[in-house]
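Read the structure below first, then the notes.
The values are calculated or read from the model by the stated rules, or taken from the named source; none is laboratory data. If you're wondering where the values come from, they're calculated on a predicted model, not measured in any experiment. Cβ placement follows ideal geometry from the backbone for every residue including glycine, while neighbour counts extend to all protein chains displayed. Just so you know, the surface numbers come from the protein's heavy atoms only, side chains and all, with ligands and any DNA or RNA stripped out. Shrake-Rupley method; radii C 1.70, N 1.55, O 1.52, S 1.80 Å.
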Amino acid sequence: MTELPSYLPIELETTTFDLIVVGTGIPESVIAAAASASGKTVLHLDPNSFYGSHSASRHLNDLTSFLNYHATLPSTTAANTTSASSSHDFTALNLSLQSLYSNVETANYAPETLAQHSTQFLVDLGGPRVFLCADKATDLLIKSGVNSYLDFRGIEASFIWDGSGRLCDVPDSRSAIFKDKSLSLLEKNQLMRFFKLVQQHLGASNGDDEGRESSKISEEDLESPFVEFLKKMRLPPKIKSIILYAICLVDYDQDNLEVCKSVLKTRDGMERLALYQNSIGRYGASGALLYPTYGLGELSQAFCRRAAVKGCIYVLRMPVTALLIDQNSGQYKGVRLASGEDLFSHQLVLDPTFIVPLPPASSPPDLRESFQVLSLKDDKRKVARGICIISSSLKPDISHFLLIYPPRSLFPEQDTSIRALQIGGGLDKLAVCPSGMFVLYFSGLCDDAGQGKRLLHAAMNALLTLPVSANPESGSAAGSEDAEVKPTLLWSMLYIQELTTLPTGQYENIISTPMLDGNINFSDLIESTVVLFQKMYPDEVFFPETPSSPEVPENSEDGTELSLEN
C-alpha cells in the first residue's frame, strides 16, 4: 500500500452540498456546470493539480508522467472504517483506482530540440478529436454559454489514404468535387448524383418545398445496411470508401460482416451525411471541422469556468479516499477527503478512474447488490492512441487536416478505420506547439494491445521516417522522382486506453462517468453525459437557453480565430 502525502484541510464554510463531483474531465465538468446552472450547490474536486483529467492537454513531460502513473497505479486502499458523527454512524468505504492506460511506449529522437520547447506543447490526452460544426456538442457550447470562453480554428482539409501511398482529397461539397483532380469525370458525376439524391431525400423527409414525397428513400432501403445501399447505387469502391469512412466516419469494415461489430444502417448513414453537409461553412469555417485554439483541454476548463460563475466551488490537488455510507439506511451520504475531512452531498459523480468496493460482509444484502450495479462494465474493446511530433507538415501549405485510413488500406487484417489529425503551431496557427513543428494524433479501435500497436505502427510507417541516426538501415529515400518526402519523426508516444461503458443501473445517488470513446467527435460522449444528468435531475432543464449573440462573419479564411455564436 502506498501512503498518501499529507493534505491541509480545505475548511469550507459549509460541509453539505447538493452535488459533489470528483474529476474535471469533460463529462464531469459538463454535469457540474449544468447542475450549477440549475441552482444546485456543487463542490468540484480533482486530485490532480490541473483541469481536464482524462480530457486534458498537457506539456510533454507532464503528459508522460500522467500516462506512466496511470498505467501503473499504486494501491491506496485501506481497511474500511466506521466513524460516528453527531447524529449518525457512517461506514467509510475506501475507494481504489483502476488503470485505464497500458503499454505506454515513448521514443525521443531529438531530445535537445524538444527539451528547449517542451513547455510550448499542449498535447491532447484523448486525441485525435474535433468538432463537427453542426453536431450536438457544438450546439451545447452555445446553449451553455461556454463558447464565450473558447476560440477555434477550422480544420483546413480532409484526406483519405488510398492504399497506394497517396493522400486523396475528400470531396465533401459540389465545389470540392469539381476541383478534385483525383476523380475521373465519371466518378464526379456519380458522386454529384448521389449527393443530389441525399438532398432530395432529406428535403422530402423534412417537408421542404425542394423535396418531393417520391424522392424519399424507401423504408426497406433505410433499414438495410448502408454499404448495400451504396452498392445498389452502383458507386465504385473509391467513392463508397470516401462516403463510409471519411464523411460518415464509420469505425468497422462494412464489407466484412464477420469482423464488423457495428453495421451502419442507411437511415443512420443519411443522418451522418446531413450532419457533415450542414457543418460545412458554418461559423465561417471553410470546412466541416473545428479544433480549439489551445487544445482540447480548454473544453473542461471552459465548463468549469461556467460552473464557477454560477457558484460552483473548485478544489484541485485534493484526493477523495472513501465513500461515507449510513450504517442504518445503507445510503450514500458523503465522501472523505485525503485531508481527513468529511463532506456530504445528495448526489455524487465519480470519474471512471474510481472503483467503488463492495460493502463489508456484515452489510445488508440489498446494499451489497446495489453496489455491484455501480461498478462500470468493462468494454472488451480498447482504443489505441498515438502522438507524434514531426519536423514538417505531411501536406505542403496545409497545417491542420484530418486523415482517414479505411479498413484494409494498410494491411489485409485491418478491420477498423484509423484516424489521424495533424495540428500545426505558430503565431498564425494553433497555440499547441512551436512554430515549424506539428503534432500528429492517431487512434483506432482494437481488441488487444498487440492489434492496437500494429494499427498505430502501420499508420505511422506509411507517413513518417525516423532520423538517419535512429534508423541507420533507412539509407537514402528511394522511389520515383515525384514521390513526396516523408516528414521526420522527432518524438512519439503510443498507448492503449481502456473503454468503459455506462453501468446498467446506479446505486442510489452515485454516478460513474464514461471514459473518452474512440470517436473522432464528441457527440456520443455528450449524449451519454446528458443522459446521466437527466437521471440525476429528471425535473431540471439541461442548461437553460442563454441570450443570443451577434452573428459571426460568414468567412474567416484569413486564419483568424473562429468564435461560435448563434
- Task: Could you run through segment 457-475 and say how many residues are surrounded by 18 or more Cβ atoms within 10 Å (Cβ to Cβ) and either at pLDDT below 60 or more than 31 Å from the chain's Cα centre (by Cα) (or both)?
- Result: 0
- Hey, any hits in segment 326-334 for a residue that's modelled with pLDDT of 90 or more and within 30 Å of Pro434 (Cα to Cα)? no
- Task: Among residues belonging to segment 400-457 that are assigned to a strand (DSSP E or B) and of a type in the set (Val, Ile, Thr), point out the one that is nearest to Lys240 (Cα to Cα).
- Result: Ile404
- Query: Any idea which residue in segment 408-424 is most open to solvent (accessible area, probe 1.4 Å), counting only those that are touching a residue at least 60 places away in the same chain (Cβ under 8 Å) and out of contact with any Leu (no Cβ under 9 Å at 6 or more places or on another chain)?
  - Reply: Arg408
- Task: Name every residue in segment 170-188 that is among the polar types (S, T, N, Q) and either in contact (Cβ under 8 Å) with a residue 12 or more places away in the chain or closer than 26 Å to Arg282 by Cα (or both), in order of residue number.
- Result: Ser173, Ser175, Ser182
- Can you name the condition, by its number, that Asp18 falls short on among (1) open to solvent by 30 Å² or more (accessible area, probe 1.4 Å); (2) modelled with pLDDT under 95? (2)
- Query: What strands (runs of 3 or more DSSP E), lying completely within segment 312-355, carry at least 3 residues that are of a type in the set (A, V, I, L, M, F, W, C), surrounded by 19 or more Cβ atoms within 10 Å (Cβ to Cβ) and within 24 Å of the chain's Cα centre (by Cα)?
  - Reply: 342-350
- Query: So which of Phe303, Phe195, Phe226 ends up being surrounded by fewer than 20 Cβ atoms within 10 Å (Cβ to Cβ), touching a helix residue (DSSP H, G or I) at 6+ places or on another chain (Cβ under 9 Å) and either aromatic (Phe, Trp, Tyr) or free of Cβ contacts under 8 Å to residues at least 60 places away in the same chain (or both)?
  - Reply: Phe195
- Note on the structure: Across segment 125-167, the tally of residues that are at pLDDT below 90 and in contact with an Asp or Glu (Cβ under 9 Å, 6 or more places away or on another chain) stands at 2
- Query: Mind checking whether some residue in segment 266-286 is part of a strand (DSSP E or B) and either of a type outside the set (Ser, Thr, Tyr) or surrounded by 23 or more Cβ atoms within 10 Å (Cβ to Cβ) (or both)?
  - Reply: no
